[in-house]
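The values are calculated or read from the model by the stated rules, or taken from the named source; none is laboratory data. Everything numeric here is computed off the predicted structure, so don't read it as measured data. Cβ placement follows ideal geometry from the backbone for every residue including glycine, while neighbour counts extend to all protein chains displayed.
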Amino acid sequence: MTKAVESIKPVDIGFERTCDCPPSHINCLNAKQWIKSQITIQTFYYEGRDVRDKDVHPAVFPIALPAHFIKLFTHKGELVLDPFVGIGTTLIAARDLERNAVGFDLKREYIEYSKKRLAQTSLTANSEQVLINDDALNIPQYLKPETVSLCITSPPYANMLNHKRLNKSIRGDLRNNKHYLKIQQYSLDPKDLGQMDHNQYSQTLTKIYKGIYPLMKPQGHVVVNVNDVWENNKRYPTHIYVIDALEKAGFEFRNTMIWDKRDLVNKVGIFGWPSNFITLGATMEFILHFRKPD
C-alpha cells in the first residue's frame with residue numbers, strides 16, 4: 001500500500017521483521033548470496049520499469065541498486081528510509097522485497113510522480129510505502145526512534161548541475177542534443193543540496209544525518225550513492241565530503257563499493273585531449289556504507 005503525507009505528524013508504519021531468520025542474521029540471504037554481495041565492484045542495470053528520461057529527473061539510479069542493499073541490510077517487514085527519494089525508485093524496490101519504506105523529497109512534482117509509479121500493479125501487498133513532501137531536516141518529526149533498519153539514498157552531488165550542460169562526455173557529433181546548454185537542476189529551492197557548494201553541502205548533510213541517527217536501530221545501516229564532481233577544471237571529491245559529514249553525525253564508516261557503469265556508457269567523446277587528462281567519471285560511482293554503533 002502506498003500513501004502520501006501532507007502535514008507533519010508521526011507516520012504509523014511497520015518496522016519489525018516478519019521473516020523467520022535467526023536473530024543474529026542481518027539479512028535473509030543465504031551463504032552463496034552473501035559471498036556475491038562481498039564483491040567490491042558491482043554492476044546494476046536498468047530495467048523496463050526504470051525511468052531514464054532526464055526531462056522527468058536528471059539522475060535516477062536503477063531499481064536494482066537499492067534492491068541490492070535492501071536485501072543485504074534488512075529483513076522482510078523492516079523499515080527503509082530514503083531522505084532524498086526523487087521519483088520513488090527506492091520505494092519501488094522496497095515494495096518488491098516486502099519492506100516498509102518512507103521517502104522524503106523537497107520537490108512536490110517528484111512526490112506526485114512517485115505516487116503514479118507506485119500506483120502501478122504491485123508484486124506484493126505485504127508492506128507499506130509512504131511519500132512525504134518535506135525537507136529532510138524535518139525527518140525526525142515523522143519517524144519514531146530506533147525504527148529504521150536501512151537509510152539508503154543518492155543525494156544531489158552538491159551544485160554539480162548548476163551549469164549549462166556541455167555534454168563533454170558525449171561524442172562530438174552527438175553533443176548537440178535537446179539538453180545541450182540547458183541547466184537541469186533538481187529545483188531552485190535554496191534548501192536543495194543541489195544549490196550548495198561543497199562546504200555548505202557537507203555541513204547540511206551532517207545536520208540531516210544527525211537527525212536521522214536516533215531513528216536508526218542499533219547497528220542500523222546507511223548507504224549513500226554519490227560521485228565526485230568535475231567543475232571549472234577542478235576535481236571535487238564529493239565522496240570524501242559525504243564520509244566526513246556522516247562521521248560527524250555519529251555514524252561509523254564501514255565499506256566503499258563501486259558501481260561499475262562501463263556497460264551503460266557508450267558513444268563517449270574525447271575531452272581534455274591532448275593536454276589536460278581527465279578521467280571519465282560517468283563510468284563509475286561510489287557507494288558508501290556506514291553503520292550506527294551499538
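A single member of Pro10, Pro23 is without any contact (Cβ under 8 Å) to a residue 40 or more places away in the chain, surrounded by fewer than 19 Cβ atoms within 10 Å (Cβ to Cβ) and within 19 Å of Thr147 (Cα to Cα), and it is Pro23. Residue by residue through the stretch 93-124, note down the ones that are more than 22 Å from Leu193 (Cβ to Cβ), in contact (Cβ under 8 Å) with a residue 40 or more places away in the chain and of a type in the set (A, V, I, L, M). Answer for the stretch 93-124, where residues must be more than 22 Å from Leu193 (Cβ to Cβ), in contact (Cβ under 8 Å) with a residue 40 or more places away in the chain and of a type in the set (A, V, I, L, M): Leu118, Ala119. Scanning the stretch 271-294 for residues that are outside any loop (DSSP other than H, G, I, E, B) and in contact (Cβ under 8 Å) with a residue 24 or more places away in the chain returns Gly281, Ala282, Met284, Glu285, Phe286, Ile287, Leu288, His289, Phe290, Arg291. Being within 30 Å of Lys107 (Cβ to Cβ), under 17 Å from the mean Cα position of the chain (by Cα) and of a type in the set (Val, Ile, Thr), is that true of even one residue in the stretch 35-43? Looking through the stretch 35-43, at least one residue is within 30 Å of Lys107 (Cβ to Cβ), under 17 Å from the mean Cα position of the chain (by Cα) and of a type in the set (Val, Ile, Thr).
Residues that are in a loop (DSSP other than H, G, I, E, B) and either acidic (Asp, Glu) or touching a residue at least 40 places away in the same chain (Cβ under 8 Å) (or both) were ranked within the stretch 27-42; the one that is surrounded by the most Cβ atoms within 10 Å (Cβ to Cβ) is Asn27. Every condition in (1) surrounded by 14 or more Cβ atoms within 10 Å (Cβ to Cβ); (2) touching a helix residue (DSSP H, G or I) at 6+ places or on another chain (Cβ under 9 Å) is met by Lys54 except one, and the failing one is (2). With a requirement of 3 or more residues that are under 27 Å from Glu252 (Cα atoms) and within 15 Å of the chain's Cα centre (by Cα), the helices (runs of 4 or more DSSP H) lying completely within the stretch 52-157 that satisfy it span 64-73, 89-96.
For (1) surrounded by fewer than 20 Cβ atoms within 10 Å (Cβ to Cβ); (2) of a type outside the set (Lys, Arg), each residue gets a yes or a no:
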position: Tyr209; (1), (2): no, yes
position: Ile240; (1), (2): yes, yes
position: Lys261; (1), (2): yes, no
position: Ile287; (1), (2): no, yes
position: Asp294; (1), (2): yes, yes
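Please determine whether any residue of the stretch 161-175 is in contact with a Phe, Trp or Tyr (Cβ under 7 Å, 6 or more places away or on another chain), within 20 Å of Gly281 (Cβ to Cβ), assigned to a loop (DSSP other than H, G, I, E, B) and at pLDDT 60 or above. No - not one qualifying residue is present in the stretch 161-175.
For beta carbons closer than 8 Å, sequence separation of 6+ or different chains, a first residue in the stretch 49-71 that is touching a residue at least 12 places away in the same chain (Cβ under 8 Å) and over 15 Å from Asp82 (Cβ atoms) and a second that is among the β-branched types (Val, Ile, Thr) and in a loop (DSSP other than H, G, I, E, B), the qualifying pairs are Arg49/Ile63; Asp50/Val60; Asp50/Ile63; Val51/Val60; Val51/Ile87; Val56/Ile87.
Inside the stretch 244-270, residues that are outside any strand (DSSP E or B) and farther than 19 Å from Met284 by Cβ make up a count of 8. Identify the residue in the stretch 97-111 that is touching a Ser or Thr at 6+ places or on another chain (Cβ under 7 Å) and at pLDDT 95 or above and, among all such residues, is farthest from Phe69 (Cα to Cα). Checked the stretch 97-111; the qualifying residue farthest from Phe69 (Cα to Cα) is Gly103.
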